[in-house]
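Below is one structure, written out as structure tokens; comments come after it.
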Amino acid sequence: MAEVKAVEKEVKIEEVLEPSLDKELRIKRKKVVDPGFDETIKRLTPEKIEKTINAVLNLRKTAARFLAPLETCIHCALCSDACQYYISHDKDPTYSPASKLRLTLWEMIRRKGKVSPEFIKQCARIAFTECNICHRCSMYCPFGLDITYQIGMVRRILFLLGVVPHNILDQDNSQSATLTQLWISQADWIDTIQWLEDETRLEYKNLRLPIEKEGAEVMWAPLGTEPKIATYHVVRTAIIMNVAGIDWTVPSRDGWDSVNMAMFIRDFETMQRVVLGLYENCLRLKVKRLVLTE
Amino acid sequence: MYEFFTNPSVYTFVRGPLVWIAFIIFIGGSIYKVRTLILLAKKEKVVFPYMSLKYSLRSILHWLIPFASRNWKRRPMMTIVTFAFHICLVFTPIFLLSHNTLWYESWGISWWTLSEGTADVMAMIVLFGCLFFFIRRIVAPEVKFVTFASDYILLTITFAPFLTGFLAYHELLLPYKIMLIIHMLAGETMLIAIPFTRLGHMLYFWLTRSFMGSQFGGWFQARDW
């Protein structure tokens, strides 16, 4: 019993995050260490933060989806019940969707971008780890405001500042360099497909994993994890396609990975390249349909 | 308006020119705000291609009927108060007998009016609605956390014309004429405030709701109520 209590005590350790912030912005959270937050904020300067935030906030003047919710929200907090983070934290008001905006975007607007690196770190914590961008809050908002779009803009600011969870930033870097999630080279990809075909043919006679078949019905775009660490997924897809008699193919060139980690951190430039890569492969192979894993 | 030039006083000023100014700013400002938003939305590639009349109306309708959406069902108290409040807020000033008389005196037009007793009750509902929202802002932790000074100011702007109108009608607290001047000032403040503050949700509701309705109906193939 004493042990259980000790464990409970350990789990329930809560401390005020970022005690240097203003009183109304201090929230209680368990401490989490992520080099993507802790190390990157050391590189930030007040000028850099202000310039970046204002560059993104100026989009308000040109983007209706950004502007309308800010000018409409009447702060009624009816969105709270929608949020799984809010519900699973015993209705802690700091987890409600409106509160997340109040702690991040609204505060940036109020201070015209003049915020501290500690504030940016807290924003990163909220925008990346306490919101899924699941859109449920929009279903509960009487005005149908796109709250997640606003959180997305916070993520955009954080991405431009480089304050992104380490793991996701690595995957984003991988996508910008190789168009795949997990640093898979073109040679690795082709090799994986070929040895998987060889191995599976031991069990399934004449099974094909056709690469670069022009004019096929379907082009399949897997997730990067499948050829990298979960090859049995590729095998299963191949078996299904073969048994179902579908005329299918996979591309040999980069642009076969349907994961878009860039989208999650609002790296719009890489995000577009990933999608473009898929469509370019489809056009090149003249396929009729693009099938993604999910 | 004419009265002000023949007999300039505070009363004739708030009754004449200020009403004109307030209505011009209210209507002009509203048109400007809505037009700006629509023009901005046209420039965004992902707004208008997804807009659909069917899904927009479906969504607006479900949120304009009490208890027709999941969130309205979950919060019956809030639903009843907010619907009663908003209906009374919009219709009391339009159909009030005294306001109708003013329109008739100035322009010779009039329309259906509320009986004085009904109007009294409706004004009370607005006042209690404001009080409910005020208490909610203090008591409910999730609302308190997102409450700013501006929220109280907006509540006051809404509360003032109805309180002063009520007091003026019953000739309470202050002499009738002074109370009437305060009432007209409060009403004009509210009209001017609507397009330029978050009271503008009156205008933007239709646009944001229909975009979300179209997005959920046409894009996610889901309901948004």
What are the pairs, 6+ residues apart or on separate chains, where a residue within the stretch B:44-61 that is within 10 Å of B:G217 (Cβ to Cβ) has its Cβ under 7 Å from a residue that is among the aliphatic types (A, V, I, L, M)?
B:S59/B:M212
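Before we move on, is A:D172 over 18 Å from A:T293 (Cα atoms) and out of contact with any helix residue (DSSP H, G or I) (no Cβ under 7 Å at 6 or more places or on another chain)? If you could, list the steps in order and put the result at the bottom.
On the way: over 18 Å from A:T293 (Cα atoms): yes; out of contact with any helix residue (DSSP H, G or I) (no Cβ under 7 Å at 6 or more places or on another chain): no.
It is false that A:D172 is over 18 Å from A:T293 (Cα atoms) and out of contact with any helix residue (DSSP H, G or I) (no Cβ under 7 Å at 6 or more places or on another chain).
State whether the residues of the stretch A:67-79 include one that is more than 25 Å from B:M77 (Cβ to Cβ), small (G, A, S) and surrounded by fewer than 19 Cβ atoms within 10 Å (Cβ to Cβ).
Scanning the stretch A:67-79, I find no residue that is more than 25 Å from B:M77 (Cβ to Cβ), small (G, A, S) and surrounded by fewer than 19 Cβ atoms within 10 Å (Cβ to Cβ), so the answer is no.
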Close pairs from the stretch B:147-176: first farther than 16 Å from B:M190 by Cβ, partner acidic (D, E), Cβ under 9 Å, at least 6 apart
B:Y169/B:E116; B:Y169/B:D120; B:H170/B:D120
Select from the stretch B:1-32 the residues that are surrounded by 17 or more Cβ atoms within 10 Å (Cβ to Cβ) and of a type in the set (S, T, N, Q) and list them in ascending order.
B:T12, B:S30
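So if I check each of A:I147, A:I87, which one is in contact with a helix residue (DSSP H, G or I) (Cβ under 9 Å, 6 or more places away or on another chain), of a type in the set (A, V, I, L, M, F, W, C) and crowded, with 24+ Cβ neighbours inside 10 Å?
Details: A:I87 fails: crowded, with 24+ Cβ neighbours inside 10 Å.
Result: A:I147 is the single residue among A:I147, A:I87 that is in contact with a helix residue (DSSP H, G or I) (Cβ under 9 Å, 6 or more places away or on another chain), of a type in the set (A, V, I, L, M, F, W, C) and crowded, with 24+ Cβ neighbours inside 10 Å.
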If I ask for residues that are closer than 25 Å to B:G200 by Cα, within 14 Å of chain A (Cβ to nearest Cβ) and among the aliphatic types (A, V, I, L, M), which ones from the stretch B:133-178 would you list?
B:I135, B:I138, B:A140, B:V143, B:V146, B:A149, B:I153, B:L154, B:L155, B:I157
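Please specify each residue of the stretch B:56-80 satisfying the condition of being assigned to a helix (DSSP H, G or I), touching a Phe, Trp or Tyr at 6+ places or on another chain (Cβ under 7 Å) and over 16 Å from A:C79 (Cα atoms).
The initial filter retains those residues of the stretch B:56-80 that are assigned to a helix (DSSP H, G or I), namely B:56-64, B:70-74, B:76-80.
Still in the list and also touching a Phe, Trp or Tyr at 6+ places or on another chain (Cβ under 7 Å): B:59-60, B:62-63, B:70-71, B:73, B:79.
Passing the criteria: B:S59, B:I60, B:H62.
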The stretch A:74-152: helices (runs of 4 or more DSSP H) wholly inside it with 3 or more residues that are more than 10 Å from chain B (Cβ to nearest Cβ) are A:84-88, A:105-110, A:117-129
Show me the helices (runs of 4 or more DSSP H) entirely contained within the stretch A:160-269 in which 3 or more residues are over 26 Å from the mean Cα position of the chain (by Cα).
A:186-200, A:231-244
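Does B:S110 satisfy being in contact with a Phe, Trp or Tyr (Cβ under 6 Å, 6 or more places away or on another chain) and not β-branched (V, I, T)? Before the answer, list the steps.
Working: in contact with a Phe, Trp or Tyr (Cβ under 6 Å, 6 or more places away or on another chain): yes; not β-branched (V, I, T): yes.
Judged against the criteria, B:S110 is a match.
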Report those helices (runs of 4 or more DSSP H) wholly inside the stretch B:96-166 carrying at least 3 residues which are in contact with a Cys (Cβ under 8 Å, 6 or more places away or on another chain) and surrounded by 13 or more Cβ atoms within 10 Å (Cβ to Cβ).
B:116-139
Contacts under 8 angstrom Cβ, first residue in the stretch A:71-83 being without any contact (Cβ under 8 Å) to a residue 40 or more places away in the chain and under 18 Å from B:S30 (Cβ atoms), partner part of a loop (DSSP other than H, G, I, E, B) and small (G, A, S), 6 or more apart
none
Search result, residues across the stretch A:204-250 that are within 14 Å of A:E294 (Cα to Cα) and among the charged types (D, E, K, R):
A:E226, A:R236
Residues of the stretch B:200-221 satisfying the condition of being of a type in the set (A, V, I, L, M) and either in contact with a Cys (Cβ under 8 Å, 6 or more places away or on another chain) or within 8 Å of chain A (Cβ to nearest Cβ) (or both)
B:L207, B:M212
Just checking, how many residues over the stretch A:49-65 are within 9 Å of chain B (Cβ to nearest Cβ) and in a helix (DSSP H, G or I)?
3
Between a first residue in the stretch A:125-145 that is closer than 20 Å to A:L160 by Cβ and in the same structural domain as A:P97 (by TED's automatic domain parsing) and a second residue that is part of a loop (DSSP other than H, G, I, E, B) and at pLDDT below 90, which pairs have beta carbons less than 8 Å apart while being 6 or more apart in sequence or on different chains?
A:R125/A:V32; A:T129/A:V32
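Can you find even one residue in the stretch A:33-47 that is among the charged types (D, E, K, R), surrounded by fewer than 18 Cβ atoms within 10 Å (Cβ to Cβ), at negative phi and within 14 Å of another protein chain (Cβ to nearest Cβ)? Give the derivation first.
Taking the stretch A:33-47 as the starting set, the residues that turn out to be among the charged types (D, E, K, R) are A:34, A:38-39, A:42-43, A:47.
Okay, now just the ones that are also surrounded by fewer than 18 Cβ atoms within 10 Å (Cβ to Cβ), so A:38-39, A:42-43, A:47.
Narrowing further to those that are at negative phi: A:38-39, A:42-43, A:47.
Those left that are additionally within 14 Å of another protein chain (Cβ to nearest Cβ): none.
No: the stretch A:33-47 contains no residue that is among the charged types (D, E, K, R), surrounded by fewer than 18 Cβ atoms within 10 Å (Cβ to Cβ), at negative phi and within 14 Å of another protein chain (Cβ to nearest Cβ).
The values are calculated or read from the model by the stated rules, or taken from the named source; none is laboratory data. These numbers come from a predicted model, not from an experiment. Ideal geometry is used to build each Cβ from the backbone, glycine not excepted, and the neighbour counts take in all protein chains shown.
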